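Scroll down for the structure; my scribbles are underneath it.
The values are calculated or read from the model by the stated rules, or taken from the named source; none is laboratory data. The structure presented is a predicted model; accordingly, all values stated were derived computationally and were not measured. Using ideal geometry, Cβ is built from the backbone for each residue, glycine included, and neighbour counts are taken over all protein chains shown.
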Amino acid sequence: MTRTTLLSLSLVAFAFGCKGDTDDTGDTAPEADTDTDTDTDTDTDTDTDTDTDTDTDTDTDTDTDADLAFTLSGTALDVQTSTPAAEGLCIAALNPDGAVVGGKTVTMASSSVGASGAFSIEGVNDTPAFGILVSVFDCDDKTEDLVFTTATPVLPDVYAGVATGDEIGGQYAFSIGNELREGMEQSLAAIGGPGDLLKTGALAGVILDAAGTPLDGGTVTGSSKTVYYADSDATDGGLFASTTTGVNTSTEAAAGGLWIIPSAPTSEYGAEAKGYTFGSALGGSNPGSAVFAPFVAE
């Protein structure tokens, strides 16, 4: 499993060759020759500077934005069962850069989840500075709501240097079924927590070792709000607590190492577990969906 965290602060830099419009420059030169000596000096300097600056900037920007189109592919997984997500769910690659500065998230390309959770999103046309979000959600034509909309980040270094026609494979997109969402809401409400994740949104994830195995005793750092850790016995105080020990204070391997922060503020989040080292990243949540990101030990 590739290492994914929340939203990276790293920027991706692309270097493109700059080429001016040679036709415009050629048209200017004959006009300069027809003037007097004084006019020739003046016109040549003015026309050359204007054409070179304008053409270089315009051509470079337009060609870069219009031509980029690459593919993101991988597997969509159900968080509760650790098995492939349901075939037919919708999946999309989102650009979150606008939302980070107070605007909106933009859908760059979309597709659907295939057999065995496989997905291939073709036509991704941008390289967001804050990462790509791969969102799994119910399609508009579904008569029944099956999943809680989720977004799994792909970090900028994964697609650094990508070119048109490239395919970036091996990615994971996590899906939370509505059965699990409702169970989490009931368990949160039972211990005085927020009981409507559709209203609050959430930041959620798992804590795993380098091989992708869930860990016991992991904790999330950097949160100003309560972090809720799931256990494997929902009949004993709900998913996030026990009748004997109270509210859970760390991850449980048998519960997949799952944690959740309802209405998570934007912050730098990290993870800790004895004997393991994890990275940290900027993250947060939006109403109506869950940003899902595993912390995988380095």
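Tabulated results
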quantity: Matching option when the condition is at pLDDT 95 or above, in contact with a Phe, Trp or Tyr (Cβ under 7 Å, 6 or more places away or on another chain) and not charged (D, E, K, R), among 189, 204; calculated: 204
quantity: The range 149-171: number of residues that are among the aromatic types (Phe, Trp, Tyr) and modelled with pLDDT under 95; calculated: 0
quantity: Residues of the range 182-220 satisfying the condition of being out of contact with any Gly (no Cβ under 8 Å at 6 or more places or on another chain), assigned by TED's automatic domain parsing to the domain that holds residue 255 and among the aliphatic types (A, V, I, L, M); calculated: 197, 202, 204, 210, 211
quantity: Whichever residue in the range 141-155 is of a type in the set (Ser, Thr, Tyr) and within 16 Å of residue 85 (Cβ to Cβ) and, among such residues, is nearest to the chain's Cα centre (by Cα); calculated: 152
quantity: Qualifying residue in the range 156-163 (condition: among the aliphatic types (A, V, I, L, M), crowded, with 19+ Cβ neighbours inside 10 Å, in contact with a strand residue (DSSP E or B) (Cβ under 8 Å, 6 or more places away or on another chain) and closer than 25 Å to residue 81 by Cα); calculated: no
quantity: Residue selected from the range 166-221 under the condition part of a loop (DSSP other than H, G, I, E, B) and within 21 Å of the chain's Cα centre (by Cα), by the criterion nearest to residue 129 (Cα to Cα); calculated: 166
quantity: Identity of the residue in the range 242-273, of a type in the set (A, V, I, L, M, F, W, C) and surrounded by fewer than 21 Cβ atoms within 10 Å (Cβ to Cβ), that ends up nearest to residue 201 (Cα to Cα); calculated: 247
quantity: One residue from 234, 241, 253 being within 25 Å of residue 195 (Cβ to Cβ), at pLDDT 95 or above and of a type in the set (Gly, Ala, Ser); calculated: 241
quantity: Check on residue 276, out of contact with any Gly (no Cβ under 7 Å at 6 or more places or on another chain), hydroxyl-bearing (Ser, Thr, Tyr), outside the structural domain of residue 136 (by TED's automatic domain parsing) and crowded, with 18+ Cβ neighbours inside 10 Å; calculated: yes
quantity: Subset tally (residues that are in a loop (DSSP other than H, G, I, E, B) and either of a type outside the set (S, T, N, Q) or in contact with an Asp or Glu (Cβ under 6 Å, 6 or more places away or on another chain) (or both)) for the range 253-298; calculated: 17
